[in-house]
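Worksheet for the structure shown next.
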Amino acid sequence: MEEKRPLPCEHAKKCGGCQLQQLSYPEQLKRKQRRAEELLGAFAPVLPILGMDEPIHYRNKVTAAFALDARRKVVSGIYQPGSHVVVPVDRCLIEDETADAMIVTIRKLLPDFKIKVFDERSGTGWLRHVLVRRGFATGEVLVVLVAVSPIFPTQKHFVKKLLEKHPEITSIVLNINDHFGPVVLGTREKVLYGAGMIEDVLCGYRFRISPRSFYQINPVQTEKLYRTAVDFAALTGTETVLDAYCGIGTIGITASGKAKQVIGVELNRDAVADAIANARLNGIKNCWFTAGDAGEYMQQMARDGMKPDLVFLDPPRAGSDERFLSSLLRCAPKRAVYVSCDPETLARDLAFLTKGGYRVQKLQPVDMFPYTRHVETVVLMTRE
């Protein structure tokens, strides 16, 4: 029987971000282990889930929406599920405390600089969101102001005051998003202070993180996730590795020291540019990154007789589509390591791949998001 307890967060019922707050952390891990076993146990035995020693304040990226409440008072926080109502949050159980404090400071500074928040009902105002990213290993902090216009009359004095309050900030960027929809960041940016990006260290490698870079939000567990993936790959230094969905190159670069060469493929051109810069930053010369569809790239490799020895798959929560998985079957690498962020879509994809000739050898769940229902899993597959 699960051990229930009082909710530790005053915002829990309205926010909806932490679905397992009523459970102690050991009970959360037990529930996630059961879910992984129920969905994936038919493919292979599921190893014990890797949890956190300190499962709070782990999010290195914090995004706050700014709005006016019913009394026309400025609030910042999280959208209530399925709505555009902002739940005021000054301190979150799972968010980085430094980031939370900076967002509160920015909100308090707005009246002094006559900065108005954007009001969706009237279409007036300027500031929409604030995003803060912190490198846990380096301590570097990036603050992103998301606004509807690049015009910022009090920019110089606002930046000066914010740096006085938080001298640990290393970069400030103004992001312009004048499109209305669920996407927080726009495509135009203006650097107000610093380099416009920060660096962090993961698995011994340095990575540059820009406002729109995809970078895992729990670096402590990401180290466990990626080290598990590289261990499962069992590289000997002679392999050609394909890193599908490579993002900014984190998995591929982590594996590069044990492979002959790594080829990373990613649709997002900005991410590919970051991956190339990250390989250069770490002095790595056996990684090559390209923008494109990973499935099409694998088909081309098969036609050219360039079959990779191992493929890393790290798709989004929706999993891989049949077109990509069919390409993997045609390319037929000896081994594949699938890094999944949803056991349901993983079960679907594994069913397809096992019918096509792969066998699941290992299944390792990792708790990347304590207090939420999400479960990550690393899977080793070999070609029969």
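Since every read-out is calculated from the coordinates, none of them should be taken as a lab result. Just so it is clear, the model here is predicted, and its values are computed rather than measured. Because the Cβ atoms are built from the backbone with ideal geometry, glycine has one as well, and the counts that use them run over all protein chains shown.
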Neighbour-count order for Asp342, Asp274, Asp293, Asp243, fewest beta carbons within 10 angstrom listed first = Asp293, Asp342, Asp274, Asp243
note = Going through Lys114/Lys160; Lys260/Lys307; Lys224/Lys355; Lys73/Lys161; Lys114/Lys165 one by one, the pairs whose alpha carbons sit over 20 Å apart turn out to be Lys224/Lys355; Lys73/Lys161
query = Dividing the convex hull volume of the alpha carbon atoms of the chain by its residue count, what do you get in Å³ per residue?
reply = 142
inquiry  = Let me check the size of segment 120-268 from its C-alpha atoms; what are the radius of gyration and Dmax in Å?
reply    = 18.7, 61
task = Return the whole-Å distance between the Cα centroid of segment 16-32 and the Cα centroid of segment 291-360.
result = 31
task = Kindly state, to the nearest 0.05, the FRET efficiency for Cys9 paired with His374, given R0 = 30 Å and r defined as their beta-carbon distance.
result = 0.95
key: DSSP bridge pairs, segment 61-202: antiparallel proportion in percent, nearest 5   = 75
remark   = Here the gain from full extension of Thr124 to Arg31, 0.36 nm per residue of separation minus their alpha-carbon distance, amounts to 28.9 nm
inquiry  = For a quick check: sort Arg335, Arg383 by the number of other beta carbons within 10 angstrom, fewest at the front.
reply    = Arg383, Arg335
query = Which of Phe152, Phe232, Phe312 comes first, and how do the rest follow, when ranked by fewest Cβ neighbours within 10 Å?
reply = Phe152, Phe232, Phe312
ask   = Taking a point 7 angstrom from the Cα of Asp90 along the C-beta vector, which residues in segment 109-152 have backbone N less than 17 Å away?
value = 109-111
inquiry  = Taking every DSSP beta bridge with both residues inside the chain, roughly what % is antiparallel (nearest 5)?
reply    = 60
message = Let me check against my output: what whole-number percent is the relative contact order of segment 61-202, with C-alpha pairs under 8 Å and at least 6 apart?
response = 19
ask   = Using a Gaussian network for the chain with springs between C-alpha atoms less than 10 Å apart, which of these wobbles most: Ala65, Ala101, Ala291?
value = Ala101
Ranked packing of 48-54, 93-99, most packed first, by mean Cβ within 10 Å = 93-99, 48-54
